[in-house]
Amino acid sequence: MPTQIQPFLDQRPLSTQCHTVDRDADIAIHLAVWRRSEFPDLNAFVAFVFRYSSVLQPYIAEPDRRDLASWFHPDLNADESAAAYMTKASPLAINARDWFAQHAPTVDGGFLNSSSIDTIIVDSDSMYTQTTEWYIHSFVADLLDAPEPFPQLDGHVNEEPWSEDRNFYEFLGPESDSASCKRDDCDRGRVKHSVFCRPHHFENVKGRPSPYTH
């Protein structure tokens, strides 16, 4: 089972959100975000979600859980099912940030471009979004409890949980190969919309050294 789930771990979401919409019924909006560069197109992204849909809910509930493999049930027909779904889909051309503000106001859409026209596919309980920078999948499902204590998946820096700090650091994106960080004695490249590299931009915004250097 761990070998079957490894492709998901290698391409796990960059960021997740889970927002309760009905506390009495323990229902929540689950949301996961990937960089657009992770997939060749929207069809491939939807097929990926179909293939690993069984682990997305527990992963979003607690990204660092070690029991994720026990939730995984391979969808052997994921490609065919996703293709059929996309054939019947009626994509919307709308700003994703506006869509979330209207239909899921608890979702933090601050990472989304406020002026872009994005592609959104919505059905009864799930949504797929393609923006200039991101692929997003969100769905409504039961609110799962995270395992206690919160165990961690291999591959996280210093075995730390995928925290708010980690989300912020990863969202800074890749560093430039041609523009150097403004900080003296730093030979790293700048990130987009900043004069600093990732660690120094983190330090500049957060007011403390970055716990990450990758």
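The values are calculated or read from the model by the stated rules, or taken from the named source; none is laboratory data. All of these numbers come straight from a predicted model, not from anything done at the bench. Note that we place each Cβ from the backbone using ideal geometry, even for glycine, and neighbour counts take in every protein chain shown. Note: areas computed on protein heavy atoms with side chains; ligands, DNA, RNA excluded. Shrake-Rupley method; radii C 1.70, N 1.55, O 1.52, S 1.80 Å.
Taking SER70 as the residue in question, decide whether it is more than 16 Å from the chain's Cα centre (by Cα), at negative phi, in a helix (DSSP H, G or I) and not assigned by the TED database to the domain that holds PHE171. When the stated conditions are applied, SER70 passes them.
Residues in the stretch 176-198 that are in contact with a Gly (Cβ under 9 Å, 6 or more places away or on another chain) and not in a loop (DSSP other than H, G, I, E, B): SER176, ASP177, SER178, ALA179, SER180, VAL191, ARG198. Checking each residue in the stretch 186-202 for being open to solvent by 60 Å² or more (accessible area, probe 1.4 Å) and modelled with pLDDT under 90 picks out LYS192, HIS193. Among residues of the stretch 3-34 being closer than 26 Å to PRO74 by Cβ and over 14 Å from the mean Cα position of the chain (by Cα), the one that is modelled with the highest pLDDT is PRO7.
Residues in the stretch 35-58: is at least one within 24 Å of THR132 (Cα to Cα), of a type in the set (Asp, Glu), assigned by the TED database to the domain that holds ALA101 and at pLDDT below 90? No: the stretch 35-58 contains no residue that is within 24 Å of THR132 (Cα to Cα), of a type in the set (Asp, Glu), assigned by the TED database to the domain that holds ALA101 and at pLDDT below 90.
One residue stands out among those in the stretch 120-142 that are touching a helix residue (DSSP H, G or I) at 6+ places or on another chain (Cβ under 9 Å), open to solvent by 40 Å² or more (accessible area, probe 1.4 Å) and not hydrophobic (A, V, I, L, M, F, W, C): the one that is modelled with the lowest pLDDT, which is ASP142. Can you tell me which residues in the stretch 73-95 are of a type in the set (Val, Ile, Thr) and open to solvent by 90 Å² or more (accessible area, probe 1.4 Å)? The one that is of a type in the set (Val, Ile, Thr) and open to solvent by 90 Å² or more (accessible area, probe 1.4 Å): THR87.
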